[in-house]
Amino acid sequence: MKAEVVKLNAPFWKYQRMDRAVQLYSANINEIRIVVAGGASPGSTSYTFHTHFRVLLDIPLPAATKRAVVAKSKVIKQNKLLGIFGGKIAYIRWVGGSMADNLNQDNELQKVLLVWAEEKRLPKIRIKPMGKSEVTIIAHATTMGEDAFDVYDRIAKYVRELASAY
């Protein structure tokens, strides 16, 4: 796969503090950006990072497609104490439009995300349109393992398929 680090001309997000991205040429994902999502609170030195996987499409997205592509992951637990604490992770469910339905039907993707959740490395994942012809997959506080790129590239493939269906 061909990739290169590129310098960004303008911040892509108003709180962005990084000016470089990895641009990909032979994947469903066009660009990967690590974004500092917020500064440290007073007395703390920790920062929250988001990984943005950008999918650039050839055509502008109609409003119906923008609504259909919105989705977010949700961990579903069983046997929680008082309905709040603990519990065993039962499955990962996607909530949103048609994109969520497609992702919920992908059993292989569900298995990988379930393993991530059990290993406590499953980030909150959101999929949302950004601009006229771009969809971003946002992984909050993610760790990038060997299998991570394959998972996000698979999600990006669903984005492309859904966008071309409308």
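Bear in mind these aren't lab numbers, they're just calculated from the coordinates by the rules spelled out. All values reported here derive from a predicted model rather than from experimental measurement. All Cβ positions, glycine included, derive from the backbone under ideal geometry; neighbour counts span all protein chains shown.
Residues whose amide H lies under 5 Å from that of Asn30, counting only those 5 or more places away or on a different chain, are Arg54, Val55, Leu56; hydrogens are built 1.01 Å from N in the peptide plane.
Label reach from Asp150 (point 7 Å along Cα→C-beta): in the range 105-140, amide nitrogens under 18 Å belong to 106-119, 121-123.
Net charge within 12 Å of Val159 by Cβ-Cβ distance, Lys/Arg positive one each and Asp/Glu negative one each, not counting Val159 itself? Computed value for this residue: +3. I need the calculated FRET efficiency for the pair Val75 and Lys132, taking r as the beta carbon distance and R₀ as 25 Å, to the nearest 0.05. In this case the efficiency is close to 0.15.
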